[in-house]
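This report refers to the structure that appears directly beneath it.
The values are calculated or read from the model by the stated rules, or taken from the named source; none is laboratory data. Owing to the predicted nature of the structure, the values given are computational and were not obtained by experimental measurement. We place every Cβ from the backbone using ideal geometry, glycine too, and count neighbours over all the protein chains shown. Side chains included, ligands, DNA and RNA excluded: accessible areas come from the protein's heavy atoms. Shrake-Rupley method; radii C 1.70, N 1.55, O 1.52, S 1.80 Å.
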Amino acid sequence: MEIDPPSSTGKDHFKLWNQLELHEFQHKFVIRSLEFPDQGFSIARSDGSFHKLDGDVNLETASRVYTVFGVAGTIRLLSGTYILVITSHKDVGTYLGFPIFRVMSMKFLSCNRDLRNLTNQQKKDEAYFQTLLKIVEETPGLYYSYETDITLNLQRRCKMADGWMSKPIWKQADPRFVWNRNILEELIENKLDEFIVPLLQGSFQMGRLKLNNLTSTITLISRRCARRLGTRMWRRGANLEGDTANFIETEQLLEYEGFRSSFLQVRGSIPLLWEQIVDLSYKPRLAVIEHEDTSMVVKRHFHDLLQRYGDTIAVDLTDKHGNEGHLNLAFATEMEKLPDVRYVSFDFHQRCGNANFDSLKLLYDEIAEDFEKQGYFLQNTEGELLAEQKGIIRSNCIDCLDRTNVTQSYLARISLNQQLQRMCALAPSESITTFTDHEDFEIFRNLWVDQGDEISLEYSGTNALKGDIVRYGKQTVSGLIKDGISALSRYYLNNFQDGVRQDAIDLISGNYTVSGNSPSPFQLNKFESRTLFPVASAILIGGLTVTSITLNRAGQNAQSVISSIVCVGATAGMMALMKANGRQICSRPRLCGLL
């Protein structure tokens, strides 16, 4: 009896092929399902064209055979097409009963690399683009499922029409949270639905709690928006459409004795036009960009939130003084023009200074009434709707990482208490903090710490700061040391690595499109292919070394004193010159502008 492929039955839910075999030939690549070998396609290495397998294919002459776990997309560069495949993955848990996998490694395969017809400049450009593809291969925090879409939260899933899960998974997904949406176009055009793997960038954490001798599962899933992807310093604020940098929807999902509840929060950069250009300073100056459409940008951003999530409370955790104060004031001024959105400014550093993080209760007291009205989503064992989340808390600091994560974890804990009490897992007088010495509370805290580290790694390149506050409820010595190391790492990455990383993100997300008919982006932007940092660093280190030697000999004679003064002056002058030209010395994106 002939068995239908599970992905094409359409009875329950659509499924992707979960294990593929890739055959490499001189003139083509062939990718097929291991379970159903007649299901697959080929890519011609002459022109990058796709063809579905038709009848028996002789695979014995393949030069190499790989096992891959999904096709993430294709991209066309100057020399031809490259296909991105998932080469290894890890099972990290389940979402609503469906297995979830994390991408552990990816690889771009060159389908038709032809450099013969390229100019010398195009060959240089192609070499740089290939460097960017290697960076893309190492993109952290990518998740997917073969059996369901993971970009939709539980409340939204429950509102979808019957039969939506029988559609191809890429059609089920929310485009905002599909990291590889731009590079899926050719696969979609060729109707290769069973092979198209929508990837979510963000975080997926899962733990089991045992309360009153009953087991519950808590899942923390963060979905990073792909509309304004970028690195910490090179993607700030909003674009003219109102999309903000580092916008993340975080869902805390609780499953207990057949009940399911979900609590949503969002974070995102301050939705103004602003920048913070690296210039070798530890904290580069924040600058608000004057633009006639600023008010419209803010309005568009919050209109989108109101349409998607309902009543919105904007919690601004930035300082009200100093460099941040200007941005805080500009944000507050614009929010006064939006009567439908409640704006709450809470100076985190001032209120919670000296590790006084119990002061977050002051923030909660201020928003408690609206917070409880917004509620959470809840359905019973029969799937009936018992409660619906009617609004959202939108939190931000400057990076929307460290202070934001501490605050969101605090609010999530309060919501979790309310959910557990309603499910009768906790008595009305109890809270999860009652189990401070119990491993359950540690599990909850660790989920939020790990989530904070992962989304910080994607935006800043390092783990989150203040993680010990979430984990232990206080600042610790080891936490301070760890934060110091992370801060120094951020400084180095932001100044000397993130320009190239931003180019890789812009290339894969479609912000920049490679075209042989367009001028070279490097000639157009007048950027050198290499940063001046190594040369400047060598000169500075040399100057400091010579200065140190001459200072040690300064007391020997007058000539040594004069030499020391000259070296000190020269070194100071070099440092001043480097600082004055800091923006040119630092690594900068070359493909796209800031907005």
For the stretch 1-157, the per residue accessible area (1.4 Å probe, Å²) is 48 Å²
Under a 1.4 Å probe, counting only protein heavy atoms, residue 424 has an accessible area in Å², nearest 10, of 110 Å²
The simple spin-label model distance between residue 289 and residue 491, using points 7 Å out along Cα→Cβ, in nm, is 2.8 nm
Counting only DSSP loop positions in the stretch 328-437, the GluC sites (Glu not before Pro) whose Cβ has at most 12 other Cβ atoms within 10 Å are 336, 382, 384
FRET efficiency (residue 384, residue 53; Cβ distance; R0 35 Å; to 0.05) is 0.15
So the carbon and sulfur contribution to the accessible area of the stretch 45-122, 1.4 Å probe, in percent, is 45 percent
Any aspartates and glutamates whose Cα falls less than 16 Å from that of residue 123, other than same-chain ones fewer than 8 residues away, would be 114, 528
For the stretch 73-125, listing trypsin sites (Lys or Arg not before Pro) in a DSSP loop whose Cβ sees at most 15 other Cβ atoms within 10 Å gives 113, 116
Accessible-area order for 496, 302, largest to smallest, probe 1.4 angstrom, reads 496, 302
Gyration tensor on Cα atoms of the stretch 358-443, a ≥ b ≥ c root eigenvalues, a/c under 1.5 rounded, else prolate if a/b beats b/c, else oblate, says oblate
Expressed in nanometres to one decimal, the distance between label points 7 Å along Cα→Cβ at residue 96 and residue 61 is 4.7 nm
From the Cα centre of the stretch 321-395 to that of the stretch 136-172, the distance in Å is 28 Å
For the table 90/171; 320/361; 159/299; 337/361, the rows whose alpha-carbon distance is greater than 30 Å are none
Taking only the Cα positions of the stretch 137-241, the convex hull volume per residue in Å³ is 178 Å³
Regression test value, accessible area per residue of the stretch 209-308, probe 1.4 Å, units Å², expected 34 Å²
Extension length gain for residue 349 and residue 422 (0.36 nm per residue less Cα distance), in nm, is 22.9 nm
Of 94, 513, ordered by accessible area with the largest first and a 1.4 Å probe, the sequence is 513, 94
Candidate cut points under GluC sites (Glu not before Pro) in the stretch 210-275, DSSP loop plus at most 15 other Cβ atoms within 10 Å of their own Cβ, are 241, 257
1/(1 + (r/R0)^6) with r = Cβ-Cβ of residue 358 and residue 514, R0 = 56 Å, i.e. FRET efficiency to nearest 0.05, evaluates to 0.60
Under a 1.4 Å probe, counting only protein heavy atoms, residue 167 has an accessible area in Å², nearest 10, of 110 Å²
Ranking 433, 231 from most to least accessible area with a 1.4 Å probe gives 433, 231
The percentage of the accessible area of the stretch 151-252 (probe 1.4 Å, all protein chains present) made up of carbon and sulfur atoms, to the nearest whole number, is 43 percent
If R0 = 30 Å, then residue 159 and residue 336, at their Cβ-Cβ distance, give a FRET efficiency to the nearest 0.05 of 0.35
In nanometres, the difference between 0.36 nm per residue of separation and the alpha-carbon distance of residue 217 and residue 306 is 29.1 nm
A 1.4 Å probe over the protein heavy atoms gives the stretch 283-437 a carbon and sulfur accessible-area percentage of 46 percent
